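Okay, structure first, notes after.
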Amino acid sequence: MYQSVEKRIRQLSDDMGRYLSSGGAVGLEKECLRVSEDGGISQRPHPQALGSALTHPYITTDYSEALAELITPPCERIEAALDFLKDTQKFVYDHLENEYLWATSMPCVLDGGDNIPLAYYGTSNPGIMKNVYRRGLGHRYGRTMQVIAGVHFNFSFDDAFWPLYRGIRQSKLPQRDFTDGAYLELIRNLQRFGWLIPYLFGASPAVCKSFLGNKPTDLKEFDQNTYYEPFATSLRMGDIGYTNSKEKGVGIKANYNNLDSYIKSLTHAIETPSPLWEKIGVEVDGRYEQLNANILQIENEYYTTVRPKQVLDGLEKPTLALQRRGVRYIELRSLDVNAFHPLGVSEEQLYFLRAFMVFCLLLESPPINVQERREIDQNIGGAAHRGRDPSLYLSRQGRDIRLQVWARELLQAMIPVCELLDRWDETKPYQKTLQQQLACVDDPDMTPSARMLREMRDQGEGFFHFARRKSLQHRDYFSGYVPDNGRYRMFLREAEASLERQRELEQTPSGSFSQFLADYFAQR
């Protein structure tokens, strides 16, 4: 099953190996919830000292005004991306007043969706569009699930790698078509084996009762304020997380068998009305409640574990960017915030994910049929809710296989990949992280989700007190951290410059919002 990996590694030249081990680019996007001293979601606006959430390239907001999003630029080295994220987080902390950043993916002390402030981006048409889109998400899926935080891992291969790889694959396709096809092959394998990410790195086995409100649940009671699943790894990736299939008839599954099929399936969802969303209305009593009443308002509404991405040119639609210029990088979205690390993600995790990307590229990747699509969904749900259960079986090509058996197979098949990536590094970071993950497969009690529940029991605390304690520890860490001086000054300059860019946008005549929206969706 994994022979293609070793075969292709044998075909790689030294230059190709170097491109895989240290070429390309790594980027991170980390969501983190601002909370008040009592742990409740902040009601304050995005701090002006951080700059404009609309135009700042590195510090913005996600769904809520209180949900900060920290973005690194593409970096050649994993360490460089983490250093940038660390300095960004330090800058944010230095400009919070009587607040701190929540250390886990799942929020706490929620007083219903109405208590969650929508992100606000000012009075320009692009800013209004971002706000209306979020209002629509709240109507469609509820506001509480929109403030779940995560970490996104962005990765691209070195441009110089692709012509060489096309050569050993003996492809007759034009270079761009070959590269796009290879990225889609990689994505299909990331989906097939995507259950491995919540198993190894899931850190949300418990949740505040306030998150569910008074909704009925099958989750078990940990204490008077906490629900959990005994063998859960990532409830964020499970049934209570954000999904497009909450209501019958509005689910969507993009087709990843080639880039054209992916674009067509998303375009269909963006342009097809949904009777359920039509009931909400679009412009109601003079206020836009959603961008449109289609299955998806825009591409970003499609929730999935991994996406092909292209850098946008201004207000370009993402599907058009992919159509015009192909796949630029891969966005892996299934990482929980790591509560045991002040950055929310560790160096070891990123080394593993990079090796996992290379493995999924080199492994053969046939198209995904209807049966396998169902298996993929069932497997990730099973791993999210019961991943550490020794009796859990997953489905593989119509047959049951124990999760631990399959996980061990995959990690052992990654050994030659990690050896290749470590060939030019005496510290052997890829093989070290692989051994750590193998240990987590052999002993599920070593996974972050198990460590979290064990610590909660040992400390006699529920989820809120665990998460608050970790959050305060991380705040203390950053209070003593000294950032790069040049980068810190850059953040100060960028905050001012981003506010000026927003002011210019708002002062430039741009017509009505309805016409702006019509022009945006009319892009072809």
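The values are calculated or read from the model by the stated rules, or taken from the named source; none is laboratory data. If you're wondering where the values come from, they're calculated on a predicted model, not measured in any experiment. Positions of Cβ are backbone-derived with ideal geometry, glycine not excepted, and every protein chain shown enters the neighbour counts. The accessibility values were calculated without ligands, DNA or RNA, using every heavy atom of the protein model including side chains. Shrake-Rupley method; radii C 1.70, N 1.55, O 1.52, S 1.80 Å.
Of note:
- Shape category assigned to region 331-454 from the gyration tensor of Cα positions, a/c cut at 1.5: oblate
- Region 50-111: proportion of alpha-carbon pairs further apart than 14 angstrom, %: 64
- Residues of the chain: accessible area per residue with a 1.4 Å probe, Å²: 41
- Angstrom value of the Kirkwood radius, inverse mean 1/r, which spans all Cα pairs in region 98-156: 13.4
- Kirkwood hydrodynamic radius of region 131-192, Cα pairs, Å: 15.0
- Accessible surface ranking for Asp15, Asp458, 1.4 angstrom probe, highest first: Asp458, Asp15.
- Amide H contacts of Tyr100 (H built 1.01 Å from N, in plane; Pro and chain starts excluded): Val35 sit under 5 Å, all sequence-distant by 5 or more or on other chains.
- Each residue of region 517-522 was assigned a 3J(HN,Hα) from its phi angle through the Karplus expression (A = 6.51, B = -1.76, C = 1.60, θ = phi - 60°), giving 5, 4, 5, 4, 6, 7 Hz with x at Gly and Pro.
- Spin-label model, Ala160 to Met490: label points 7 Å out along the Cα-to-beta-carbon direction sit 2.3 nm apart.
- Over the chain, equivalent-ellipsoid semi-axes from the Cα gyration tensor in Å: 33, 29, 25
- Residues of type lysines that Lys209 reaches as a straight line, Cα spacing below 28 Å, ignoring anything fewer than 8 places off in the same chain: Lys30, Lys220, Lys246, Lys248, Lys470
- Using θ = phi - 60° and Karplus 6.51 cos²θ - 1.76 cosθ + 1.60, couplings along region 10-25 (whole Hz; Gly, Pro as x): 5, 7, 6, 7, 4, 4, 5, x, 5, 4, 6, 7, 9, x, x, 8
- Global geometry of region 1-128, whether rounded, prolate or oblate, following the gyration tensor of its Cα atoms and the 1.5 cut on a/c: prolate
- Residues whose placed amide H lies under 5 Å from that of Leu394, excluding near-sequence neighbours: Ile401, Arg402, Leu403
- Selected from Ser42, Leu20, Leu67, residue furthest toward positive end of dipole (region 18-73; charges at beta carbon): Leu20
- Other-chain or far-sequence residues with amide H under 5 Å of Val306's (modelled H): Arg333
- In the assembled protein chains, Arg489 presents an accessible area of approximately 120 Å² (probe radius 1.4 Å).
- Separation of the Asp445 and Glu37 label points, Cα + 7 Å toward Cβ, nm: 4.0
- Global geometry of region 117-222, whether rounded, prolate or oblate, following the gyration tensor of its Cα atoms and the 1.5 cut on a/c: oblate
- Seen from every direction in turn and averaged, the convex hull around the alpha carbons of region 323-373 projects onto 5.9 nm².
- From helices alone, the chain scores -14000 deg cm²/dmol at 222 nm; the rule is -39500 (n - 2.57) for each run of n ≥ 4 DSSP H residues, then divide by the residue total.
- Couplings 3J(HN,Hα) for region 430-435, derived from phi with the Karplus relation 6.51 cos²θ - 1.76 cosθ + 1.60 (θ = phi - 60°), are 6, 5, 5, 5, 4, 5 Hz, where x marks Gly and Pro.
- Cysteines without a disulfide-compatible partner [the chain; Cβ-Cβ under 4.7 Å]: Cys32, Cys75, Cys360, Cys418, Cys440
- Rounded accessible area of Lys7 (nearest 10 Å², 1.4 Å probe): 110
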